[in-house]
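Reviewing the structure listed below.
The values are calculated or read from the model by the stated rules, or taken from the named source; none is laboratory data. The shown structure was predicted, so the numbers you read here are calculated from the model rather than taken from an experiment. Here the Cβ positions follow ideal geometry from the backbone for every residue, glycine too, while neighbour counts run over all protein chains shown.
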Ligand code: NAD
Ligand code: ZN
């Protein structure tokens with residue numbers, strides 16, 4: 001049996017190991033993909049650091065990673081419509097297809113979801129076996145680096161498009177990769193003004209580069225004092241991409257009456273919000289869980305075809321064997337999206 005290199009969580013505890021493992025054998029409904037580019041997600045960093053979430057959720061040994069672009073090198077016998085040689089990425093949430101949500105077109109909130117690189121072996125490897133129905137083919141000559149960030153870009157598209165941004169005053173709290181994608185999407189959609197906040201100077205600079213009009217340091221400045229004077233009544237839309245209760249509170253205070261918020265950022269503990277303000281200002285709070293399958297993917301494809309430029313968000317590339325360095329950089333926050341090249 002031929003072998004390959006894979007970045008695995010071999011046992012509970014911090015760190016990863018670059019291992020020699022067997023190339024996965026595909027099921028009849030899967031394809032084998034040779035990975036050309038991988039991207040590191042916050043989830044991978046949690047698993048690397050082995051925080052409480054990971055300790056409760058992940059069962060080693062497992063190959064981690066779910067953001068990738070690669071080429072199909074083998075097609076399962078029951079798979080139609082996919083060919084060897086095609087550049088692809090994939091939706092990393094495998095749905096059951098049988099639960100209430102799957103059967104009503106809401107597979108993104110499936111009751112029995114399995115996650116690539118968490119519940120099943122992922123893509124920080126030379127090859128990965130992927131369910132054909134999750135494969136998203138990319139056009140010929142497509143940049144694998146952009147292909148590799150479709151999953152987080154999809155989170156931004158889902159969050160941004162649910163309210164519509166054209167002509168709107170938009171706030172983005174948290175300028176990690178997903179917040180930065182939101183800024184680019186808001187600009188492309190023709191937002192009237194884009195307000196952004198982060199605490200990290202590196203990311204504040206990236207937010208400006210992506211076209212945010214007003215970027216504040218959420219640690220020392222209050223969004224409301226910038227947004228209210230610039231808009232007269234407050235912003236139309238808040239895209240909460242930080243997972244910070246303080247950013248959420250200041251974002252909600254900066255919305256106009258009738259405003260709407262997409263909540264994507266994940267909070268490490270319970271958060272209290274001013275529900276009276278939600279009620280009397282008639283705010284809409286919309287939770288975002290991953291990408292709609294596959295509405296979000298078609299919207300993302302359209303945005304990219306129309307010229308969405310997210311290249312400034314991708315700031316670093318490392319070789320597979322430099323994973324410790326890549327994870328240390330991610331922990332420092334002095335980066336946008338970080339890629340791993342097998
Ligand atoms: P990230 O951690 O790289 O970015 C979060 C950013 O928020 C950081 O730059 C941080 O400096 C900033 N921040 C922290 N406190 C702040 C404050 N008080 N004010 C302003 N900014 C502040 O994360 P990411 O990969 O861009 O993802 C964004 C969020 O979405 C994370 O919380 C992540 O866990 C979550 N997420 C949710 C889903 C989902 O399906 N709901 C999917 C993927 C990621
Ligand atoms: Zn389901």
For the stretch 258-284, how many residues meet the condition of being in a strand (DSSP E or B) and closer than 17 Å to residue 223 by Cβ?
-> 5
With the condition kept exactly as written, say whether any residue in the stretch 121-128 is over 21 Å from residue 28 (Cα atoms) and within 16 Å of ligand 1 (Cβ to nearest atom).
-> no
Is there a residue being within 13 Å of ligand 1 (Cβ to nearest atom), assigned by TED's automatic domain parsing to the domain that holds residue 159, under 30 Å from residue 97 (Cβ atoms) and surrounded by fewer than 22 Cβ atoms within 10 Å (Cβ to Cβ) anywhere in the stretch 266-283?
-> yes
Within the stretch 5-35, residues buried (at least 18 other Cβ atoms within 10 Å of the Cβ) and under 30 Å from residue 332 (Cβ atoms) come out as 6, 7, 8, 9, 16, 35
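Look at residue 221 and say whether it is within 14 Å of ligand 1 (Cβ to nearest atom), assigned to a loop (DSSP other than H, G, I, E, B) and surrounded by fewer than 18 Cβ atoms within 10 Å (Cβ to Cβ). Even if it seems obvious, please write down each step before you answer.
Working: within 14 Å of ligand 1 (Cβ to nearest atom): yes; assigned to a loop (DSSP other than H, G, I, E, B): yes; surrounded by fewer than 18 Cβ atoms within 10 Å (Cβ to Cβ): yes.
In short, yes.
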Given the conditions (1) at pLDDT 95 or above; (2) outside any strand (DSSP E or B), every one holds for residue 38 apart from (2)
Considering residues that are surrounded by fewer than 24 Cβ atoms within 10 Å (Cβ to Cβ) and in a loop (DSSP other than H, G, I, E, B), the number found within the stretch 41-65 is 6
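What number of residues in the stretch 66-81 are touching a helix residue (DSSP H, G or I) at 6+ places or on another chain (Cβ under 6 Å) and in a loop (DSSP other than H, G, I, E, B)?
Taking the stretch 66-81 first, the residues touching a helix residue (DSSP H, G or I) at 6+ places or on another chain (Cβ under 6 Å) are 67, 69, 79.
Right, trim to in a loop (DSSP other than H, G, I, E, B) and you get 79.
Result for the stretch 66-81: 1.
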Answer with yes or no whether residue 122 is over 22 Å from residue 32 (Cα atoms) and in contact (Cβ under 8 Å) with a residue 12 or more places away in the chain.
-> no
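For (1) surrounded by 14 or more Cβ atoms within 10 Å (Cβ to Cβ); (2) more than 16 Å from ligand 2 (Cβ to nearest atom), each residue gets a yes or a no:
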position	(1), (2)
85	no, yes
92	yes, no
104	no, no
108	yes, no
112	no, no
117	yes, yes
126	yes, yes
130	yes, yes
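Hey, could you check the stretch 302-319 for residues that are part of a helix (DSSP H, G or I) and in contact with a helix residue (DSSP H, G or I) (Cβ under 9 Å, 6 or more places away or on another chain) and say which is nearest to residue 16 (Cα to Cα)? Steps first, please.
The first filter runs over the stretch 302-319 and keeps only residues part of a helix (DSSP H, G or I), leaving 302-305, 311-313.
Now drop any that are not in contact with a helix residue (DSSP H, G or I) (Cβ under 9 Å, 6 or more places away or on another chain), which leaves 303-304, 311-313.
Details: 303: 35, 304: 34, 311: 28, 312: 28, 313: 25 Å.
Among those that are part of a helix (DSSP H, G or I) and in contact with a helix residue (DSSP H, G or I) (Cβ under 9 Å, 6 or more places away or on another chain), it is 313.
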